[in-house]
Structures are given as C-alpha cells and as structure tokens.
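Before any comments, here is the structure.
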Amino acid sequence: MTESRMVIIGSGEAGARAAVELRTQGWSGPITLIGEERLAPYERPPLSKRLLFTEEEPSPVFILDNEKLEEYDIDLLSGSSAVGIDRNNCTVQLDNGREIKYHRLLLATGARARKLTLKGSETAKLFYLRTFSDALTLRENLKPGHHIAIIGGGFIGLEAAASAIEKGCSVTLIEHGLRILMRVVPKEIADIVEARHLAAGVEFKFGVSIEKIDNNVDGQTITLGDGTLVHCDSIIVGIGAIPETSLAADCGLEIENGIRVDESLRTSDPYIFAAGDCCSFPHRLFDGRRIRVEAWRNAQDQGIQAARNMLGFNEPFEVVPWFWSDQYDLTLYVTGLPISGEKTVIRDLGDAGQLFFHFTEDGKLAAASGIGTTAISKEVRIAEMLIEKQKILDFMLFERPDVKLKSLLKDR
C-alpha cells in the first residue's frame with residue numbers, strides 16, 4: 001500500500017476533506033491533491049458574505065494550511081490543472097506534462113459559474129463569485145454610493161445583495177422568475193427574505209428578461225424586456241452553476257446531471273470516485289431519486305465518505321441535504337428536499353422565527369425549512385434526524401410549539 005498513491009483532483013471542500021479522511025482512516029501511502037488555484041484549500045461560504053464587507057484585511061479561511069498539509073503529509077500541487085485521465089494505465093496527466101499514477105482517483109472538480117449569454121455580455125464588466133480572487137475583485141467595486149445590479153435571485157445573488165447594502169451601495173436585483181429562491185424554499189420563507197431585503201433598500205425586478213447590456217462612460221445600462229433601463233456601476237451575475245465534468249466525460253465516464261456515481265460515490269470506473277458539486281447520486285431517503293447538491297456541507301460529507309470508500313468501506317452515502325444562508329440579521333436553513341413534500345405545516349416560534357415542515361403523502365417528513373435567528377438551527381437539526389428515521393408522523397404535532405420536536409424522535 002505504501003507504494004500506491006491516492007490522487008484527488010480538486011482542492012476545494014470535498015477534495016480537502018477527503019485527503020484528511022484518508023489519513024485519519026490509516027492510509028499510509030502518498031496522497032496527491034491537485035488544485036488549479038495557487039492558494040491552499042479554503043472555505044468558500046464566506047466569499048459572498050463577510051469577506052465582501054468586513055473592514056478587516058480579507059484573508060481566506062483555510063481548511064488545510066501549510067502546517068496541516070505537512071502534518072497530514074499531503075502533497076498539494078497548487079496552480080496545477082489535470083488535463084486528462086488514462087483509465088487503462090491509471091494515470092492523470094497535468095498541464096505541465098507530468099503524469100501521476102493512481103491507486104484510486106477522486107474527482108472533486110466542483111462546478112463553474114453559469115455565464116450570462118446575451119447581447120453585450122461579452123464586453124460588459126460582469127462579476128461572478130466562485131473563488132477568493134473573484135471575491136477580492138468584487139469587494140474593490142462595492143463602494144459606498146455605487147449602484148449594484150444583481151442578476152439572479154438565488155443564494156449567491158441575495159447574499160451579495162446583503163453584503164453590498166452593508167457596504168453602503170444601492171442594489172437592484174433582477175430575477176427572471178416570479179420570486180426569489182424559486183427552487184429552494186417555500187414561498188412563505190421567500191416572502192420573509194424578500195421583505196427583509198426591501199426594508200434594507202433593495203429594489204426587485206421580477207418576471208423580466210434582459211435584452212442587452214451597454215457600456216457607458218459612467219457605468220453600464222441593462223435594458224429589460226419591458227423597456228426598463230437599469231443604470232449601474234457594477235453587475236453581479238448569480239444564475240447558477242454547471243458541474244465540472246469535462247475530465248470525466250473525456251475519459252469516458254458516465255455523465256448524468258454531473259458525473260454519475262452510485263450510492264457509494266463510485267463512478268462507472270471502479271477505481272474512480274466523485275464527490276461534491278460535480279456529481280449526481282441516488283439517495284435512498286428520496287425513493288432512490290438521483291440528485292445533485294451544491295452545498296458546503298454536502299461537499300464536506302461526500303469528501304469524507306468518498307475517502308472511506310476509496311479504502312474499501314463500501315458504505316452508501318445517505319446524509320440528508322442541508323443548506324443555510326446568512327442575510328442581514330436573518331439565517332435561513334433547509335434540510336431535505338422541499339420539492340418532495342406534498343403537505344406543508346407551519347410552526348411559529350415567535351421572535352425566534354418560523355419553521356416549515358414538508359410531508360410526503362404517506363406522512364413521512366421530506367424536508368424542513370426555517371428562517372429567523374440562529375436558535376432555530378437546533379429545530380432544523382432535529383428535523384434532519386426525523387427525515388433520516390423515515391417514520392410515519394402526525395403532522396398536526398408539528399404545528400404546536402408546546403410539543404418538543406425531540407420527543408418525536410423516540411420510537412413509539
């Protein structure tokens with residue numbers, strides 16, 4: 001084993017956590033972690049939040065700094081790109097011509113920002129937010145008094161809007177759909193988030209298309225489909241992400257809304273695994289439905305699980321999806337898949353916030369959403385455990401704040 005090498009392509013959350021887990025589980029052979037960025041692995045959630053508006057000198061929150069890389073004996077190839085995989089010879093080709101042989105290979109290639117493609121977008125000054133470098137560049141353009149246009153009403157767009165407001169900017173958010181967070185949370189929570197942004201001064205444009213973007217001497221102008229003109233100093237684009245599958249596709253691995261893996265995160269090649277934003281996987285708790293999750297915790301958990309299975313544990317990945325977002329003084333939590341719920345029950349916790357529970361037709365909890373103070377995170381964590389148990393539950397109990405959710409975990 002000491003002569004075999006574990007190779008991980010992608011030094012983000014999934015890749016970094018996988019490298020550490022390999023050591024934790026006793027792997028004594030070499031580990032090579034390949035990352036395109038020149039930085040050591042760092043956390044990405046702060047990029048759209050505090051890093052954009054803090055008065056302190058911004059710096060990455062490292063997952064693995066140089067000291068930890070040395071402690072775990074991980075060979076980080078930063079500033080390197082994998083350009084090919086030879087499955088017959090179990091080798092990875094790098095952009096500098098080097099070849100690295102692998103015993104097992106993990107693809108943790110993540111996702112790339114979906115680019116805006118319309119008239120004028122090729123010459124417009126657009127900001128996307130995926131890396132620390134992206135965040136630094138955007139931060140320099142969030143100046144008090146500037147007008148920021150944001151295209152896209154998902155988590156990235158809304159968090160960037162809140163950060164821009166914190167910096168003293170005015171904000172117009174343009175969303176093609178009829179509301180924000182259309183595919184992620186129920187309308188009731190979206191309405192609360194929207195109201196908080198409106199109170200902070202954000203202007204929303206819903207249900208509109210964008211015809212073109214023009215560069216002006218003093219900024220840029222977005223022409224909407226209804227003829228409205230939005231003049232701004234900077235444009236932030238947050239219209240989703242595309243799983244990075246090119247390496248996998250080029251070497252013949254199966255692709256299905258990302259790199260296709262089985263329940264153990266193994267690809268169609270038994271020696272290659274995938275984890276994080278780049279892969280789709282079947283989930284037992286949701287009737288075996290194949291899903292792809294773009295979230296920090298999913299990347300962390302899958303990186304750890306993939307590492308274990310690279311070592312032969314062969315354990316299914318069954319962690320319930322979990323998302324969160326901080327905006328102003330509100331925190332939003334989601335666990336499970338809200339779109340799979342047939343009935344929604346609301347639990348009002350007063351000043352602490354509100355919880356929304358989503359049940360399937362047969363009475364099982366499929367998802368829970370919460371918004372308010374960080375105190376509600378405990379309630380959502382309990383909901384996560386209830387989803388895992390897959391018990392038939394009396395949904396009326398969830399409406400009653402006097403009923404402790406923890407009591408529902410007990411087998412009756």
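The values are calculated or read from the model by the stated rules, or taken from the named source; none is laboratory data. All values reported here derive from a predicted model rather than from experimental measurement. Neighbour counts are summed over all protein chains in view; Cβ atoms, including those assigned to glycine, are modelled from backbone coordinates with ideal geometry. Side chains are part of the model used for accessible areas, which takes the heavy atoms of the whole protein and leaves out ligands, DNA and RNA. Shrake-Rupley method; radii C 1.70, N 1.55, O 1.52, S 1.80 Å.
Here the sum of -39500 (n - 2.57) over DSSP H runs of 4 or more residues, divided by the residues of the chain, equals -6500 deg cm²/dmol at 222 nm, to the nearest 500. Would you work out which of Thr335, Gly363, Pro316 lies farthest towards the positive end of the dipole of segment 307-369, given +1 charges on the beta-carbon of Lys and Arg and -1 on that of Asp and Glu, about the Cα centre? My answer, from the dipole projection, is Pro316. Residues Glu67, Glu13 ordered from highest to lowest accessible area at a 1.4 Å probe: Glu67, Glu13.
The spacing between segment 61-114 and segment 153-170, judged by their C-alpha centroids, is 33 Å.
A straight chain from Lys389 to His103 at 0.36 nm per residue would run longer than the Cα-Cα distance by 99.3 nm. Surface analysis of segment 1-94 yields an accessible area of 47 Å² per residue, using protein heavy atoms and a 1.4 Å probe. Taking every full run of DSSP H in the chain, the ones that stretch at least 15 Å from end to end by Cα along their long axis and average 1.0 or higher on the Kyte-Doolittle scale are 155-166.
For Gly120, nonlocal amide neighbours, meaning residues 5 or more places apart or on other chains whose placed amide H falls under 5 Å from its own, are Ile213. Cα-based values for segment 37-113, radius of gyration first and Dmax second, are 15.9, 52 Å. Here the calculated FRET efficiency for Thr54 and Asp402, from their Cβ-Cβ distance with R0 = 60 Å, stands at 0.90, rounded to the nearest 0.05. Distance from the alpha carbon centroid of segment 7-45 to that of segment 224-279 works out to 20 angstrom. Segment Val61..Ile291, full-extension length gain: 79.9 nm, with 0.36 nm per residue of separation and the alpha-carbon distance subtracted.
Starting from the Kirkwood radius over alpha-carbon pairs of segment 321-381, derive D by Stokes-Einstein at 37 °C in a medium of 0.692 mPa s and give it in µm² s⁻¹. The calculation lands on 284 µm²/s. Only Cα pairs within less than 10 Å get springs; with that Gaussian network setup on the chain, which residue of Ala149, Ala200, Ala307 has the largest fluctuation? Checking each option, the largest mean-square fluctuation is seen for Ala200. Protein-only accessible surface at a 1.4 angstrom probe places the residues Thr267, Thr344 in the order Thr344, Thr267, largest first.
Taking one quarter of the surface of the C-alpha convex hull of segment 7-68 gives a mean projected area of 4.9 nm². Given a 1.4 Å probe and every protein chain left where it sits, what share in percent of the accessible area of the chain is carbon and sulfur? Its accessible area is 47 percent carbon and sulfur atoms. Ligands, DNA and RNA are left out, and with a 1.4 angstrom probe the accessible area of segment 156-240 is 42 Å² per residue.
A straight chain from Met182 to Thr24 at 0.36 nm per residue would run longer than the Cα-Cα distance by 52.9 nm.
Rounded to two decimals, the Cα radius of gyration of segment 145-275 over 2.2 N^0.38 Å is 1.36.
Over segment 203-257, the fraction of Cα-Cα pairs per 10 Å bin, rounded to whole percents and listed from the shortest bin up, is 19, 33, 17, 21, 10. Just check the chain against the gyration tensor rule for me: Cα atoms, a ≥ b ≥ c as the square roots of the eigenvalues, rounded for a/c under 1.5, and otherwise prolate or oblate depending on whether a/b exceeds b/c. In terms of gyration-tensor shape, oblate. Between segment 346-407 and segment 119-142, the alpha-carbon centres lie 38 Å apart. Pairs with C-alpha atoms separated by more than 18 Å, drawn from the list Lys49/Lys205; Lys125/Lys205; Lys115/Lys143; Lys49/Lys167; Lys364/Lys389; Lys115/Lys187, are Lys49/Lys205; Lys125/Lys205; Lys115/Lys143; Lys115/Lys187. Overall, segment 101-174 carries a charge dipole of about 380 debye about its Cα centre when +1 sits on the Cβ of Lys and Arg and -1 on the Cβ of Asp and Glu, all other atoms neutral. In this structure Arg98 has an accessible area near 100 Å², from a 1.4 Å probe over the protein heavy atoms. The label-point distance for Asp269 and Lys119, in a model that sets each label 7 Å from Cα toward Cβ, rounds to 4.5 nm.
Using a simple spin-label model with pseudo-atoms 7 Å out from Cα toward Cβ, Asn215 and Val83 lie 3.0 nm apart. The residues Phe281, Phe53, sorted by heavy-atom accessible surface at 1.4 Å with ligands and nucleic acids left out, run Phe53, Phe281 from largest to smallest. Altogether, the Stokes-Einstein calculation at 37 °C and 0.692 mPa s, with the Kirkwood radius of segment 108-177 over Cα pairs as Rh, returns a diffusion coefficient of 251 µm²/s.
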